Every structure is written in structure tokens, then in C-alpha cells.
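Taking it in order: structure first as C-alpha cells, then the write-up.
Where a number appears in this text, it was derived from the coordinates with a stated rule and is not lab data. The shown structure was predicted, so the numbers you read here are calculated from the model rather than taken from an experiment. Positions of Cβ are backbone-derived with ideal geometry, glycine not excepted, and every protein chain shown enters the neighbour counts.
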Amino acid sequence: MSVTSRYREAWERFWREAPGEPEAVFWDAAPRLAAGVHLPLFEPHLTDPHLPLLDLGCGNGTQTRFLAERFPHVVGADIAAAAIEHARRGDPAGQATYRVLDATDKGEAEALHAELGDANVYMRGVLHQCEPGDRQPLADALATLTGERGRVFLVELAEAAGPILGGLAQSPSGPPPKLAPVLRHGIAPGEVADAAVPRLLSTAGLTVLAGGELPLATTESAPGGGRLRLPSNWCVAARAR
């Protein structure tokens, strides 16, 4: 199974139109507010930090470049070729490598695992962007990519984020400027029940090792001032023994 052409093209259009400057995209928070917060939660669970690290759903590569400063072999992967073009332009030194990947396609996930071997995977806010039928195949891909030795760090919007985003989208003055393109291209976050994420991982053969709640920083301003932060849940998972 792979994602629909409509879904893929929506992401291509979004990234073709996205500005290249930092924090221009709704979720493109600076690493100190994103991967930099997540790494202290992830690193204690890594059995082998020298495994390749895959930033799955890397977008324009902001977090990928940060990770590449801390791990020896980092790969950024995204479904949209336009996103990968952004990522490569933003990394002229080639700190990481980048590739187009449809992780819901079993064959593509298996081929990448055959190339890299077991990998540690960092995935921020991707499951809730998937169409419902693609979520289990994506979780299955995480199990394939991590193999026996890898670990996955996953952070996803909590159910409580739904009403916040809905309120912003339906604001009388219109959605905030960085959220508006997301809505216009039809890639608005879908609601994933908090209990669904561990179920998806378990069905894929993964065991949750640790988890908790953590605000997910965006680049948008909150209605009351300051940075908009959305409720989210994180977990670290590994192949079930």
C-alpha cells in the first residue's frame, strides 16, 4: 500500500510554495524548541547511537541538520520531492543525506532498511498528517526500519490540540498566516486518538519503552501572545522481544 496521488500532490504543492526562510512554515520551529528538546528523552534509550538516524518526514531539513551535528550518519526522508529540494538547498555542506520516501509503501521501507540496516528513527508530527488508512502501514514501516537494534522517537499532537487548531482555523479574522497554507492545500492535521498511537505501534510489533506529554512548539503566535504551543504526546518504542 502507498499514499494516494492526491495526498502526495498536496504535499508537493505545499512545499513548492513554501518560503525558504527559517520559521516560515507552521511547524518549522527552531531545533532548540523541537529536536533539541526531544533528544534528551530519546538518547537514554538508544542501544547503539552509531546506527544511522532517520529523520522521517523531514520536510525542509531544519531538524535533520541539527541531528546531523550530533550523530555520525543522518538521513532525512520525506514523501515530497519539493521538501527534499528545500532540505538539500538548506544543507550546502551536506551534513546529512536526503531522499524521497513513501514510508507507507512496504517495498520502499524494506529497500531502505536493506540499504541502511537497522536505524534509529526520529518522527515528529507525521502520523496525524497521514490519511487514516495510511497510519498502520506507517507504523509497520517504523518496525521495519528500526529492525532489531534501532529505536524510534515519536511525537504526535494530542487529542486536546484538535479544538485549539479548530478554533484558529475558524477564527472570524481568518486562520493565522502560517496555518492558512496548510488548510489551503488540504493537509490540515487529522485527529488521532491518544490511545490509537500505542495501538498502532503494538500492532506493528513495537513496544513502548517510555512516553509522556510535551508541548509541541509551532512558529505561529498564540492568540494571547507568545509562541503557540500545542499539546502533544511523545514515546520511545522498539521491536517487541
Which of the peptides 134-145, 219-230 is most tightly packed, and how do the rest follow, judged by the mean count of other Cβ atoms within 10 Å per residue?
134-145, 219-230
Take the alpha-carbon centre of segment 75-134, take the same for segment 9-33, and report the distance between them in whole Å.
15 Å
Percent RCO, i.e. relative contact order, over the chain, from Cα pairs under 8 Å lying at least 6 residues apart
21 percent
For Rg/Rh (Cα atoms, Kirkwood Rh), one of [x] 1.07; [y] 0.93; [z] 0.97 was computed from the structure I shared and the rest are decoys. Which label?
[y]
Counting Lys and Arg as +1 and Asp and Glu as -1 over every other residue whose Cβ sits under 15 Å from the Cβ of Pro52, the net charge comes to -1
How much length is gained on full extension from Thr47 to Ser5, taking 0.36 nm per residue of separation minus their Cα-Cα distance?
11.4 nm
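Going by average Cβ neighbours within 10 Å, how do the peptides 112-125, 71-84, 179-192 rank, with the highest at the top?
Numbers: 112-125: 20.0, 71-84: 21.6, 179-192: 16.8.
By packing density, highest mean first, the sequence is 71-84, 112-125, 179-192.
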Considering only the chain, what is the antiparallel percent among its DSSP beta bridges, to the nearest 5?
55 percent
